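Working notes, beginning with the structure itself.
The values are calculated or read from the model by the stated rules, or taken from the named source; none is laboratory data. Computed from a prediction, not measured in an experiment: that's the story for all the values here. Here the Cβ positions follow ideal geometry from the backbone for every residue, glycine too, while neighbour counts run over all protein chains shown. What goes into the accessible areas is simple: the full protein's heavy atoms, side chains included, and nothing from ligands, DNA or RNA. Shrake-Rupley method; radii C 1.70, N 1.55, O 1.52, S 1.80 Å.
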Amino acid sequence: MQELMERGSSVAMIPGAYQEATAFTYGRERVALARRKGFVKYCLQYGYRLHPVYTFGESETYYTACGFEWFRLWLNRKGIPTVAFRGLPWCPLLPRSDVEMLTFVGPALELPQISHPSPQEVDEWHARYIDALVALFDKHKAEAGKPAAVLEIV
């Protein structure tokens, strides 16, 4: 990823990774971003913009086993993914196909280029990104048919 960014290539990242898959709970709007700051650090180092993006409906594509979440997230921090899910009845690995998904892209956060960002600078821009993501979510949740939904940041 850093090689691509050094060249100035356009890149897309999904910062939640398998921690987000582990935190996934059917019908709950959740993103695993609380501790995921490396993508912000890279964007600061290379002077990239960050676009908040959220897809409504994704939380209804799979049914998941949700017990022992604290333990599963602890295992994830050790590098052990712990996900149990099912989608279509005839092929559980495929997502449910009766779910409407709507993706919204927010305005870019223009990050400064800082060769060696401090932890405080990373924290500041990470917080701005989360605020922008929550604002995007709140702006479009009624349009997506979920007016009472709350975005959980885990």
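Overview of values
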| quantity | calculated |
| --- | --- |
| Selected residue (criterion: most open to solvent (accessible area, probe 1.4 Å)) from residues of region 92-104 that are without any contact (Cβ under 8 Å) to a residue 24 or more places away in the chain and in contact with a Leu (Cβ under 9 Å, 6 or more places away or on another chain) | Ser97 |
| Search result, residues across region 21-35 that are farther than 20 Å from Trp125 by Cα and open to solvent by 50 Å² or more (accessible area, probe 1.4 Å) | Tyr26, Arg28 |
| Given (1) part of a helix (DSSP H, G or I); (2) out of contact with any Pro (no Cβ under 7 Å at 6 or more places or on another chain); (3) without any contact (Cβ under 8 Å) to a residue 40 or more places away in the chain; (4) open to solvent by less than 40 Å² (accessible area, probe 1.4 Å), index of the condition Cys43 fails | (3) |
| Condition met for Pro107 (assigned to a loop (DSSP other than H, G, I, E, B), in contact with a His (Cβ under 9 Å, 6 or more places away or on another chain) and surrounded by fewer than 16 Cβ atoms within 10 Å (Cβ to Cβ)) | yes |
| Matching residues, region 56-85, being open to solvent by less than 70 Å² (accessible area, probe 1.4 Å) and either among the charged types (D, E, K, R) or touching a Leu at 6+ places or on another chain (Cβ under 7 Å) (or both) | Phe56, Gly57, Glu60, Glu69, Arg72, Thr82 |
